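In what follows, a structure is listed as structure tokens, so that the remarks can point back to it.
Just so it is clear, none of the values below were taken in a lab; they were calculated from the coordinates. From a predicted model like this one, the values you see are computed outputs, not experimental measurements. Ideal geometry is used to build each Cβ from the backbone, glycine not excepted, and the neighbour counts take in all protein chains shown.
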Amino acid sequence: MPKVGAFYGVGVGPGDPDLITVKAVKILNQVDLVFTASSSTNEYSLARQIGLRYLKSGIPLQNLPFPMTEDDQALKTAWRKNASDIAEILRSGRSAAFLTLGDCLTYSTYAYLLPILTEIIPEAPITSVPGITSYQQAAARLNRPLVMTKESLSIISGGGDEGQFETLLDQSDNVVIMKMYRGRDKIVETLRQKGLASKTALCAQLDLPGEKIVEGLDQNLAEAATYFSLLLVTKRN
């Protein structure tokens, strides 16, 4: 019986290939196989595009399809099927990495696979390799500190509960709104009502074709707010 292979969840950064970590590159040069994720309707993976240049020659790539749906049962079925495919590779003695955009434990598909893998193949050594998030890159591009001195920072999903969103917005000194395209109109309306429009910046398609960085919400965001978009909000003067 071969020794169980090691598994790595690797954050490859927000889009700029130069923002991948040295540790991530080392791992991608030593594993036996690399997994990437995509929608179940196509095999496009931005994480794979970023990671390709760092893979050792001839390494096999395997795509894992995930449905873009809010159907919990369909999602759980896909997570378990993909985790089982990964476990099969690890049981053969091969090591593998799973590429994910940004950080592997921040709004990442890997985070859903992790507990299932731990359950079905507990003997496998699993390492999570952090990556630079899109909101860290956005703050850097704006030269805007995310937090200072005793300030607080909240990371919110644009598709979350409306009441929770308003509560966190009221309680936090700084807010990152990820996946803001999901509730774009309501989010923008709320920020304007609270007098935060001028203190908000939209960052979309960072380091990708069509990149847009807009400070203030006075402009029409319909075209700028894409799947890869976020808002940075600060109450700092």
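If a paramagnetic tag sat 7 Å from the Cα of GLN49 along the Cα-Cβ line, which residues of the range 101-134 would have the backbone N under 17 Å from that point?
Hits in the range 101-134 for GLN49 at 17 Å: 101-102, 134.
Using the Cα centre of the chain as the reference point, and only Cβ charges (+1 on K/R, -1 on D/E), how large is the resulting charge dipole? Debye, rounded to the nearest 20.
Computed charge dipole of the chain: roughly 580 debye.
Looking at the range 7-129, what % of its DSSP beta bridges pair antiparallel, to the nearest 5?
Of those bridges, close to 5 percent are antiparallel.
Hey, for a label at LEU61 modelled as a point 7 Å past Cα toward Cβ, could you say which residues of the range 11-41 have their backbone N under 12 Å away?
34-38
Per residue of the range 5-10, what does 6.51 cos²θ - 1.76 cosθ + 1.60 with θ = phi - 60° give for ³J(HN,Hα)? Whole Hz please, x for Gly and Pro, Karplus curve as stated.
After applying 6.51 cos²θ - 1.76 cosθ + 1.60, I find x, 7, 10, 10, x, 10 Hz.
Amide H neighbours of THR127 under 5 Å, at least 5 residues apart or on other chains, H built in the peptide plane: list them.
Amide H neighbours of THR127, under 5 Å, 5+ apart: PHE7, TYR8, GLY9.
Taking each pair of different alpha-carbon atoms in the chain once, compute 1/r for the pair, average those values, and report the inverse of that mean as the Kirkwood hydrodynamic radius in Å to one decimal.
Taking the inverse mean of 1/r over all distinct Cα pairs, the chain comes out at 19.0 Å.
Multiply the residue separation of ASP173 and MET148 by 0.36 nm, subtract the distance between their alpha-carbon atoms, and state the gained length in nm to one decimal.
Gain in length upon complete extension: 8.0 nm.
Where Lys and Arg each count +1 and Asp and Glu each count -1, what net charge lies around LEU153 among other residues with Cβ under 15 Å from its Cβ?
The answer is +1.
Do any GluC sites (Glu not before Pro) in the range 88-136 lie in a DSSP loop with no more than 14 other beta carbon atoms within 10 Å, and if so, which?
Sparse-neighbourhood loop GluC sites (Glu not before Pro): GLU123.
Going highest first, how would you order 44-50, 142-148, 205-211 by mean Cβ packing within 10 Å?
44-50, 205-211, 142-148
What is the mean projected area of the alpha carbon convex hull for the range 7-129, to one decimal in square nanometres?
7.1 nm²
Helix-only estimate, please: 222 nm mean residue ellipticity of the chain, summing -39500 (n - 2.57) across DSSP H runs of length 4 or more and dividing by its residues, to the nearest 500.
Helices in the chain give a 222 nm mean residue ellipticity of -9500 deg cm²/dmol.
Can you list the HN-Hα couplings for the range 230-235, worked out from phi with the Karplus curve (6.51, -1.76, 1.60; θ = phi - 60°), rounded to whole Hz and with x for Gly and Pro?
Along the range 230-235, the couplings run 8, 10, 10, 10, 10, 9 Hz.
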